[in-house]
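To start, the structure under review is shown below, and the notes come after it.
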Amino acid sequence: MAMQLAVDESGGKGKDGWFAFAGLLADVSAWDAFTRAWDDCLRSEPAIKYFKAAEAAKCGGQFNWWSEARRDAKMRELVPIIDAAAPVLLFTARDNPTFEALVAARLPAPANHPYFWGFFQIIGTAYLHQRWSGRREPIEIIFDTHESTGRDTRAYYEFMLARVGPFTRSLLPDDIIFRHDTKFLPLQASDLFAYMCRCDQDGIAHPFGWVHDATPNVKGALANAPPYGPMVQHMAHDFTPHPEQTPEDVIKHLLRVWGMDL
């Protein structure tokens, strides 16, 4: 059964706190059922056009002028739809101040943006999950649209594919897809987990603490769980580039430490 990974990010370059990516991995049939149920729930009264966690957290945007109780009631209809898909959760996060001080000033674009690192880290995490869980089918990876930085980063994916070994290549897609979250609805679920991941790393209070208990079927990826998780995150972060290094050097480093040259 073909697998799809829906990936969204939370945070921005140069800001305080963390920049996070979260991906939800499920088979195509699970995401098809999710999409029908999610769309029906969005349309049901009180209707919203789409879901974004940052808007819901502040009762703004699609939740503008809603009470917290009304927002929570809507979310308690949406969240079980995520749980029913039983996706695997993958995530990666980067400390922005440390990144700016040790990495950003030493590398050219797009590698001086935390998006570049998170993009390849989430792909590497997906690969490691497939490898360690014994799954052998390639994953279709869909990122939420991110205009200039996403386009510039995606250009280096071909460089990455050319340098992985045959086993790794068999688990990776030929290309990375970008879709708007109103066109590929699983991205709206990933948006929620990316927002929670960033806030949890930052120690920022948010109104979604109940979501973890409400999604027992959302399982953490092996590459994020002990003992692998701390090791994977440490290896990815334990790299301080020299000023003359390039985006290609970053990718080669990540491939080497994750064993993706197999």
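What the table below lists for this structure:
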{"read-out": "Selection count, the stretch 7-19, where residues are under 15 Å from Ala126 (Cα atoms) and either part of a loop (DSSP other than H, G, I, E, B) or at pLDDT below 95 (or both)", "value": "0"}
{"read-out": "Residue match in the stretch 157-172 (condition: part of a loop (DSSP other than H, G, I, E, B), on the phi > 0 side of the Ramachandran plot and either under 14 Å from the mean Cα position of the chain (by Cα) or surrounded by fewer than 13 Cβ atoms within 10 Å (Cβ to Cβ) (or both))", "value": "no"}
{"read-out": "The stretch 102-112, subset part of a helix (DSSP H, G or I) and among the hydrophobic types (A, V, I, L, M, F, W, C), residue surrounded by the most Cβ atoms within 10 Å (Cβ to Cβ)", "value": "Ala104"}
{"read-out": "Segments classed as helices (runs of 4 or more DSSP H), wholly inside the stretch 178-239, with at least 3 members that are modelled with pLDDT of 90 or more and crowded, with 17+ Cβ neighbours inside 10 Å", "value": "186-202"}
{"read-out": "Residues of the stretch 31-57 classified as loosely packed, with under 14 Cβ neighbours inside 10 Å and either among the basic types (Lys, Arg) or touching a residue at least 60 places away in the same chain (Cβ under 8 Å) (or both), total", "value": "4"}
{"read-out": "Residue within the stretch 113-124 that is in a helix (DSSP H, G or I), free of Cβ contacts under 8 Å to residues at least 60 places away in the same chain and under 14 Å from the mean Cα position of the chain (by Cα) present", "value": "yes"}
{"read-out": "Any hit, the stretch 137-144, residues being more than 20 Å from Thr215 (Cα to Cα), over 12 Å from the mean Cα position of the chain (by Cα) and not in a strand (DSSP E or B)", "value": "yes"}
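The values are calculated or read from the model by the stated rules, or taken from the named source; none is laboratory data. Here the structure is a predicted model, which means the values were calculated and not measured. A quick note on method: Cβ atoms are made from the backbone with ideal geometry, for glycine too, and the neighbour counts reach across all protein chains shown.
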